[in-house]
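Nothing in this text is a laboratory measurement; each read-out follows from the coordinates by a stated rule. These numbers come from a predicted model, not from an experiment. So basically every Cβ, Gly included, is an ideal-geometry build from the backbone, and we count neighbours across all protein chains shown.
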Ligand code: ADP
């Protein structure tokens, strides 16, 4: 020790104790060691370190309690009325005798037969009392001053220990601050009168100095150890504590390392005074806090970044013209912008964090914000709540001022719901205009078609009558004229049909049923349509389609239309006794179908033109009939099926038109055998039910019909009848009287929904269950189908077990 005395004083022993942190007492707990140290060093009956518990009425809990040389179990007692209460408010309480008379309300003093008491507060880093350290003696004490000094020295140490214990619990998983603090702590003492500094070796080690150079720098007149920027504050704090010796000295400053770098330290201490009340010594602990400073710094940076990010976010959110709100996982409002609040000015008092979505929507409905809710408030509100919970799609609502709002909400990974409410009134208006324009266009086209067909009907009808009137035969010239009339009329009819078809496709009104389609079926059906024309022109049609490469994804009926067009062109623009050859190939995941002729060919620079409406490339001056629209329609249709179309040609040798389409699933024969083995159970179940069961299948695609035939084959005593069109189905339904109708939706002519309506309207057929089987798997279409009254809506590709289950359920319901 700096004093160098032979027998250490109690104060010196206290400093040593602090420096050792009570170690050297074997396994004894720090606070117990401290209590024992006090009874021994100061020769008093009792000593204790206690923590203050302010959770309710203030209670004192001892952490270490000693009676003479033994440890007692810890106790708790109320602060009120005890001398300890005085310690907490004044910092120190010191009585050399007769304490019981001063604190008559403290029974413990009587129990323990106490005469003298000295207590010193344990201050926390933020100057709140965290507890106290005290000695109690059953006799009068002569030297309470030394006791006070010793307690003061140990108080800093104990307070630190308590705080570190708290840190320890808080930071258990991490490397605890407590351990670090103790590793990085040193005791220091400043002999004020002699201006001599003593610091225990740990600080020297931390800073990396040799013994002699350290004592030199430590006592250098300019405090060279302290960072130049910290010197002023450091002096200031020293001056303050000397002026007010009862206060605690506290300082954070940087000290110079041997390496030239600086480290942060925190020093705490208390002043000891002589009898005259003059400060003689300032002593305490110094702690390496560089890690904490670094943490604080990065925490500070992070906090600042977080604050900046939040500010930026809320700035952005507030600058949105659209209303924006976030609800938490419990559907309570967390954040919203100005627009959201303004929009709800009538319920302004509810627009604050914590209000539930339901409260807001209920209040809005009550104020009439949503005209659509009037008369069905509860249902409407429930629907909104469900939508809000799902937050999966955008919904639009009409407001009382006529505006339309689109609400788009999404769930975040944290379970919050983030929503934007956009005014879509203008968009709605535009949509309504577009819809009515489109409707007007469709109406115009259909009335045009009607207006043109009616006189054309008369022209063609009377023309034929004239031609065929055996009683009043026409002259040759008249015959030629009538032939012209009939040819031109026929041409006009084709033109009207094609123009209308093209208009329908261009208007996006064409619904496709894209599914597995066997090209060999398509071609077989087309050949029967064009064969007579081919024969008339002496053209041979060669079908070289590869059955292995025949399945495509396409709309059966529209595909037929394309192939008929290409075959007809191949025939029309061919030479006499030429040929048209059909073939198919596989290229990656596509199937290429080619239709090659031996005709005149087309110049390469005109390939593009072919697919433009009304382009006939000179054919208009020839005898060959045509409108120039066919290939345009083909191209549009093929593109709607996700395919492509093109031509390669050599003038004088012939042309090859090709179509490429996505390849379909494997051939039906294979897939049904696979499915059949997979579904033995439903088969057995179906077999168990007896009785004749007849099914009518309305489907244009023969591939699907074949598949369905095989499925129905699995059901005992069931029979399948099929037809290609809804019109035909309505004609035959009464004679078949089916137990079940399976209905494709996209059919040539009348569609499945229209057919269903007709079936429902007639008492004979209204009770037959009708199941939709469609390639259109869009949720809205399914919804529309179910709303139209289908018993069920199945999507293609057809699943065998689904069909069997339905048949089973209908049979068992009968
Ligand atoms: P259309 O045959 O009614 O004139 P298309 O759109 O089917 O109309 O064909 C457009 C034009 O392309 C035809 O007028 C013809 O000049 C040319 N064309 C079509 N197919 C062939 C072909 N296989 N060989 C030569 N020219 C063809």
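Computed over the stretch 186-305, the alpha-carbon pair-distance distribution with 5 angstrom bins reads 2, 10, 19, 24, 19, 12, 8, 4, 2, 1, 0, each value a whole percent. Per-residue Cβ neighbour counts within 10 Å put 800, 552 in the sequence 800, 552, beginning with the fewest. Rounded to the nearest 500, the helix-only mean residue ellipticity at 222 nm of the chain stands at -14500 deg cm²/dmol, with each DSSP H run of n ≥ 4 adding -39,500 (n - 2.57). Against the main long axis of the alpha-carbon atoms of the chain, helix 752-761 sits at an angle near 80°. Taking the centroid of alpha carbons for each part, the stretch 261-309 and the stretch 569-642 are 90 Å apart.
Treating each Cα of the stretch 339-404 as an identical point scatterer and summing with the Debye formula, the log10 of I(q)/I(0) at q = 0.11, 0.13, 0.25 Å⁻¹ comes to -0.25, -0.35, -1.33.
Counting every alpha-carbon pair across the stretch 179-241, the share separated by more than 18 Å comes to 43%.
By the count of neighbouring beta-carbon atoms within 10 Å, fewest first, 188, 658 end up ordered 658, 188.
Taking a quarter of the surface of the Cα convex hull of the stretch 350-498 gives a mean projected area of 16.0 nm². Between residue 222 and residue 651, the distance separating the two model label sites (each 7 Å from Cα on the Cα→Cβ line) works out to 10.2 nm.
For the stretch 701-792, relative contact order (Cα pairs under 8 Å, six or more residues apart, normalised by length) works out to 24 percent.
Quotient of the Cα radius of gyration of the stretch 556-664 and 2.2 N^0.38 Å, N being its number of residues: 1.03. Computed packing ranks the peptides 307-314, 511-518, 407-414 as 511-518, 407-414, 307-314, most packed first, by mean other Cβ atoms within 10 Å.
Mean sequence separation of contacting Cα pairs (under 8 Å, at least six apart), scaled by the length of the stretch 476-611, corresponds to a relative contact order of 22 percent. Annotation for the stretch 101-124 versus the stretch 190-251: alpha-carbon center distance of 37 Å.
Between residue 145 and residue 494, full extension at 0.36 nm per residue minus the direct alpha carbon distance yields a gain of 113.4 nm.
Which FRET efficiency value, to the nearest 0.05, is calculated for residue 777 and residue 356 with the Förster distance at 45 angstrom and r the Cβ-Cβ distance? Result of the calculation: an efficiency of 0.75.
Cβ-Cβ distance of residue 447 and residue 614, R₀ of 30 Å, FRET efficiency by 1/(1 + (r/R0)^6): the value works out to about 0.85. Using C-alpha pairs below 8 Å separated by at least 6 residues, the relative contact order for the chain is 5 percent.
The alpha-carbon atoms of the stretch 730-814, seen along their principal axes, cover 32, 32, 21 angstrom, with the largest extent given first. Ranking of 235, 223 by neighbouring Cβ atoms within 10 Å, starting from the fewest: 235, 223. Pairwise Cα distances in the stretch 366-426 exceed 20 Å for 30 percent of all pairs.
Here, the stretch 291-341 is characterised by an Rg to Rh ratio of 1.21, where Rg is the alpha-carbon radius of gyration and Rh the Kirkwood radius. Compared with the alpha-carbon gap, the fully stretched path from residue 319 to residue 735 is longer by 142.8 nm at 0.36 nm per residue. What is the distance in Å between the Cα centroid of the stretch 696-710 and that of the stretch 743-806? Rounded to whole Å, the Cα centres lie 14 Å apart. On a 0 to 90 degree scale, rounded to 10, what angle separates helix 10-20 from the longest Cα axis of the chain? In the chain, helix 10-20 runs at an angle near 30 degrees to the longest axis. Eigen-decomposition of the gyration tensor built on the alpha-carbon atoms of the stretch 212-252 gives equivalent ellipsoid semi-axes of 22, 12, 8 angstrom, largest listed first. Using R₀ = 56 Å, calculate the FRET efficiency as 1/(1 + (r/R₀)^6) where r is the Cβ-Cβ separation of residue 543 and residue 382; round to 0.05. The formula returns an efficiency of 0.35 here.
Counted over the chain, the DSSP beta bridges are approximately 85% antiparallel. Sorting 637-643, 110-116 by their mean Cβ neighbour count within 10 Å, with the most densely packed peptide first, gives 637-643, 110-116. Only alpha carbons enter this Debye calculation for the stretch 521-601, each as an equal point scatterer, and the log10 of I(q)/I(0) it gives at q = 0.17, 0.19 Å⁻¹ is -0.65, -0.79. Placing one equal scatterer on every Cα of the stretch 428-493 and applying the Debye formula, the log10 ratio I(q)/I(0) at q = 0.17, 0.18, 0.19 Å⁻¹ is -0.67, -0.71, -0.75.
Taken along its three principal axes, the alpha carbon spread of the chain comes to 157, 64, 60 Å, from the longest extent down to the shortest. Between the Cα long axis of helix 702-713 and the first principal axis of the chain there is an angle of about 80°, rounded to the nearest 10.
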